[in-house]
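The values are calculated or read from the model by the stated rules, or taken from the named source; none is laboratory data. Bear in mind the structure is a predicted one, so any value in this text is a computation, not a measurement. Here the Cβ positions follow ideal geometry from the backbone for every residue, glycine too, while neighbour counts run over all protein chains shown.
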C-alpha cells in the first residue's frame, strides 16, 4: 500500500535544490499549469481531492512536497526551512518542469511562501489563490521575511469559517495590498484543512477563479 502522504497516479519528479531533494508530482497535458502548494505539517497529498477535478477540467497539475515534508528531503538545520528557501524550491520545480507560466495556489505556510511569488513575478504567475493565510503584511512578523510588494495578478482569498488558527481579518485585509483584481470567499463548514473538509467546493472555487481571470484578460 502506498503511504498516505503520497499522491497516486501522478508522475514523480525529484529536483535538487541547494543539495536537497524536492519531490514534485505532475500529471496532465493541458496548455495551462496549476501549481498547488501545501502547508505545515502537511504534504502534497492534501490536494488529493482537487487533482482529479483540475485534470478533468483540462489543466496540467504540479504538486510539490516542500522541504521536510512528504517525499522531499528532511535536512537538519533551521536555515533550510525559511520562506526564501521555500520560494527558491518552488521556482526550481516550475523551471525543472518547464512551467514558464502557471496558476498558483497556496495554503497555510504554502500561502505565506507564495504571496511574494505572485507579487514579484506577474510575468510568470498567471493567477493566484491564497487559502487561510493572507498577505504577509498581515502575518506574524516572525514568519514573514519582510515587506512583500503589492500584488497585481488576479487573486482569490479563501477563508474557511471554522479555521481555529487563521482569523478573518488577516486575509480579508489583503485587499489593501492589491493593485490587481481581488476576490474573497468565505467557505462555510470547513476548518483549517479546507481541501479535505470541503473538497469539491475548493476545487470549484479554484476553477471559477481561473475562468474569471481568463475573461478579464480577454481583449
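When you check residue 195 against the structure, is it closer than 24 Å to residue 83 by Cβ, in contact with a helix residue (DSSP H, G or I) (Cβ under 6 Å, 6 or more places away or on another chain), at pLDDT 95 or above and not in a strand (DSSP E or B), yes or no? Answer is yes for this residue. Among the residues of the range 167-188, the one identified as at pLDDT below 95 and assigned to a loop (DSSP other than H, G, I, E, B) is 167. Has the range 38-60 got any residue that is on the phi < 0 side of the Ramachandran plot, buried (at least 23 other Cβ atoms within 10 Å of the Cβ), assigned to a strand (DSSP E or B) and in contact with a helix residue (DSSP H, G or I) (Cβ under 9 Å, 6 or more places away or on another chain)? Among the residues of the range 38-60, not one is on the phi < 0 side of the Ramachandran plot, buried (at least 23 other Cβ atoms within 10 Å of the Cβ), assigned to a strand (DSSP E or B) and in contact with a helix residue (DSSP H, G or I) (Cβ under 9 Å, 6 or more places away or on another chain), which makes the answer no. Scanning the range 41-52 finds no residues that are under 13 Å from the mean Cα position of the chain (by Cα) and within 16 Å of residue 171 (Cα to Cα).
Does any residue of the range 63-86 turn out to be touching a helix residue (DSSP H, G or I) at 6+ places or on another chain (Cβ under 6 Å), surrounded by fewer than 19 Cβ atoms within 10 Å (Cβ to Cβ) and closer than 26 Å to residue 155 by Cβ? No, there is no match, as no residue in the range 63-86 is touching a helix residue (DSSP H, G or I) at 6+ places or on another chain (Cβ under 6 Å), surrounded by fewer than 19 Cβ atoms within 10 Å (Cβ to Cβ) and closer than 26 Å to residue 155 by Cβ.
Against the numbered list (1) at pLDDT below 95; (2) in contact with a strand residue (DSSP E or B) (Cβ under 8 Å, 6 or more places away or on another chain); (3) surrounded by fewer than 18 Cβ atoms within 10 Å (Cβ to Cβ), residue 135 comes up short only at (3).
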